[in-house]
Amino acid sequence: MGTRHLYLARHGEADAFGELTDTGRRQSDLLGERLARVPVDAVWHSPLPRAVASAQQVARHLPGVPVAEAPELVDHVPHVPAASDTPRPWLGFFDGYDEAEAASGRVIADALVARFATITPTGDSHLVLITHAFQIGWLVRHALDAPPSRWLGLNSGNAALTVIEYRPELPPALVVFNDMSHLPADLRWTGFPATVRP
Ligand SMILES: O=C(O)[C@@H](CO)OP(=O)(O)O
């Protein structure tokens, strides 16, 4: 059994139609340069265009590494919290979610964890996942064994890097969270609900 190293990244900046912007391309390019220092085995990406385009940009720096779509990485709400567990800035955000939508989000979230948040049967593996803010928050919450509602507020910047290691017989290790050090200051910002440019 080996350690799985998951390199989670939110796609680069997207426009109102969900397409990668020129800024998003630059962010993804710099993320690719950073990931080129890692022995990446594969890049998996969400099916949504902003993630596909980001993954293609990243992959330009990883010659020979396979790139493929994973439906579990699609943007979705992984868990709808009870009102009492919902931080004030998010109150009202879930008003449109009915039970069927919440249930389908849970199914995808469980599949995401089952597929990627695990050790490897043989040897170590290094996987890059290009996905969305909520999915990164959900995997971080899972790694920390925090309550389901804790995915809220675990924001990721565009093209920011989060690293989790899954080691045999040990709890998952959150190694890096929302690291934007590969981006110049004018390309760093976080997602919903607050926009912060540190
Ligand atoms: O809308 C958002 O804030 C997030 C949710 O995951 O999506 P994306 O990362 O695609 O911007």
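The values are calculated or read from the model by the stated rules, or taken from the named source; none is laboratory data. Bear in mind that the values here come from a model prediction, so they are computed numbers and not experimental data. As a convention, Cβ positions derive from the backbone with ideal geometry for all residues, glycine included, and neighbour counts pool all protein chains shown. Side chains included, ligands, DNA and RNA excluded: accessible areas come from the protein's heavy atoms. Shrake-Rupley method; radii C 1.70, N 1.55, O 1.52, S 1.80 Å.
Conditions first: (1) over 17 Å from LEU152 (Cα atoms); (2) within 16 Å of the ligand (Cβ to nearest atom); (3) not aliphatic (A, V, I, L, M). ASP98 passes all but one, so which condition is the exception?
With (1) over 17 Å from LEU152 (Cα atoms); (2) within 16 Å of the ligand (Cβ to nearest atom); (3) not aliphatic (A, V, I, L, M) applied to ASP98, the lone miss is (2).
To keep it simple, each residue is scored yes or no on (1) open to solvent by 40 Å² or more (accessible area, probe 1.4 Å); (2) touching a strand residue (DSSP E or B) at 6+ places or on another chain (Cβ under 7 Å); (3) away from the ligand (no atom under 16 Å from the Cβ).
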{"position": "LEU31", "(1), (2), (3)": "no, yes, no"}
{"position": "ALA36", "(1), (2), (3)": "yes, no, yes"}
{"position": "VAL74", "(1), (2), (3)": "no, no, no"}
{"position": "ARG88", "(1), (2), (3)": "yes, no, yes"}
{"position": "ALA109", "(1), (2), (3)": "no, no, no"}
{"position": "LEU112", "(1), (2), (3)": "no, no, no"}
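When you look at GLY153, is it open to solvent by less than 60 Å² (accessible area, probe 1.4 Å), more than 20 Å from ARG25 (Cα to Cα) and at pLDDT 95 or above, yes or no?
It is false that GLY153 is open to solvent by less than 60 Å² (accessible area, probe 1.4 Å), more than 20 Å from ARG25 (Cα to Cα) and at pLDDT 95 or above.
Only residues that are of a type outside the set (Ser, Thr, Tyr) and either without any contact (Cβ under 8 Å) to a residue 12 or more places away in the chain or in a strand (DSSP E or B) (or both): list them for segment 6-38, please.
Passing the criteria: LEU6, LEU8, ALA9, ARG10, ALA14, ASP15, ALA16, PHE17, LEU20, ASP22, ARG37.
Could you please give the count of residues in segment 129-145 that are under 14 Å from GLU165 (Cβ atoms) and not in a helix (DSSP H, G or I)?
Of the residues in segment 129-145, the ones under 14 Å from GLU165 (Cβ atoms) are 129, 139-140, 142-144.
Next, from what is left, pick out any that are not in a helix (DSSP H, G or I): 129.
Here the count works out to 1.
Looking only at segment 55-87, count every residue that is more than 24 Å from ASP110 (Cβ to Cβ) and either touching a Leu at 6+ places or on another chain (Cβ under 6 Å) or assigned to a loop (DSSP other than H, G, I, E, B) (or both) and tell me the total.
Step one: list which residues in segment 55-87 are more than 24 Å from ASP110 (Cβ to Cβ), which gives 56-67.
Going one step further and asking which of them are either touching a Leu at 6+ places or on another chain (Cβ under 6 Å) or assigned to a loop (DSSP other than H, G, I, E, B) (or both), we end up with 58, 60-66.
Number of matching residues: 8.
Give segment 156-189 a look and list any residue that's over 26 Å from MET1 (Cα atoms) and open to solvent by 20 Å² or more (accessible area, probe 1.4 Å), or say none. If you could, list the steps in order and put the result at the bottom.
Within segment 156-189, the first condition is being over 26 Å from MET1 (Cα atoms), and the residues that meet it are 156-160, 178-189.
Those that are over 26 Å from MET1 (Cα atoms) and open to solvent by 20 Å² or more (accessible area, probe 1.4 Å): ASN178, ASP179, SER181, HIS182, PRO184, ALA185, ASP186, ARG188, TRP189.
Of these, VAL40, VAL65, which one is of a type in the set (Val, Ile, Thr) and within 17 Å of the chain's Cα centre (by Cα)? Quick ask: steps written out before the conclusion?
Values: VAL65 fails: within 17 Å of the chain's Cα centre (by Cα).
One residue alone meets the criteria, VAL40.
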